[in-house]
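See below for the structure under consideration.
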Amino acid sequence: MAAFDQNFRAEARANLRLAGPLIAAQMAGIGMGVVDTIMAGRLGAEALAAVAVGSNLNVIFFVFFMGVLMACSPIVAHRAGAGEADHRVGGFVREAQLLALLLGALWVLLAHLTAAPVLMHLGLEPQTAQTAVDFLKAYSWSGLGMSQWFVLRFTAEGVGETAPTLYSGLLGLVSNAFLDWVFMYGHLGFPAMGAVGCGWATTISA
């Protein structure tokens, strides 16, 4: 029984070392949405509604393209486990990044094509709907950076390195909060862009 307890504790510690940074990174990602909501709320109901509905439509693209590029993790893990990390993983990652560039461009295109047809027919006030469309068009450009990040994140996880995901998630959270403050409210010489500024803040952070 003592041996079982010792093995259990060792396995639990090992799992926490891997999972802890990923959990924190996920919380940082959620935190970006929380920060956007808080800052948009200070601008009024229209900005808050525009950010909310625009973000929810973008989630469809986020989940789909993340699901495609999530395949990097098992592929890299398989090659690394077979002792082929040195000469096969690098080439695969470069090819995956080219694919991610194309997928990111498709993400932007689909968001631009669907923004007005969808958001204009949700029963929102016309001005709110237009603001949501403009926000999503700015926000969707984050797909270029996010697609690349998916490749790098899942590659790092495939070789058991979870700390980079944590560091990049925290950096994204801090960057997004700062740029929200700059673009949404008009600081450091930039014009106040309201909800649209929130979209550009996320894009640059990505």
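Rule-based calculations on the coordinates, nothing more; no lab input. Computed from a predicted structure; not experimentally measured. Here Cβ is always computed from backbone atoms with ideal geometry, including for glycine, and neighbour counts include all displayed protein chains.
Some points to look at:
- Between 0 and 90°, nearest 10: helix 90-119 axis offset from the chain longest Cα axis: 30 degrees
- Rounded tilt (10° steps) of 72-81 against the dominant C-alpha axis of the chain: 20 degrees
- Per-residue packing, averaged as other Cβ atoms within 10 Å, sorts the ranges 115-126, 141-152 into the order 141-152, 115-126, beginning with the highest.
- Using only side-chain charges placed at the Cβ, +1 for Lys and Arg and -1 for Asp and Glu, the dipole size of the range 85-184 relative to its Cα centre rounds to 160 debye.
- HN-Hα J in Hz across the range 45-55 - Karplus 6.51, -1.76, 1.60, θ = phi - 60°, x for Gly and Pro: 5, 5, 5, 5, 5, 5, 5, 5, 6, x, 5
- Put a plus charge on the Cβ of each Lys and Arg, a minus charge on the Cβ of each Asp and Glu, and nothing anywhere else: the dipole of the chain about its Cα centre is then about 220 debye.
- The range 24-205: radius of gyration over Cα atoms, expressed as a fraction of 2.2 N^0.38 Å: 1.12
- Taking the range 24-205 and dividing mean pair separation by its residue count, relative contact order in percent (alpha carbons under 8 Å, at least six apart): 33 percent
- Expressed as a fraction of 2.2 N^0.38 Å, the C-alpha radius of gyration for the range 119-206 is 1.31.
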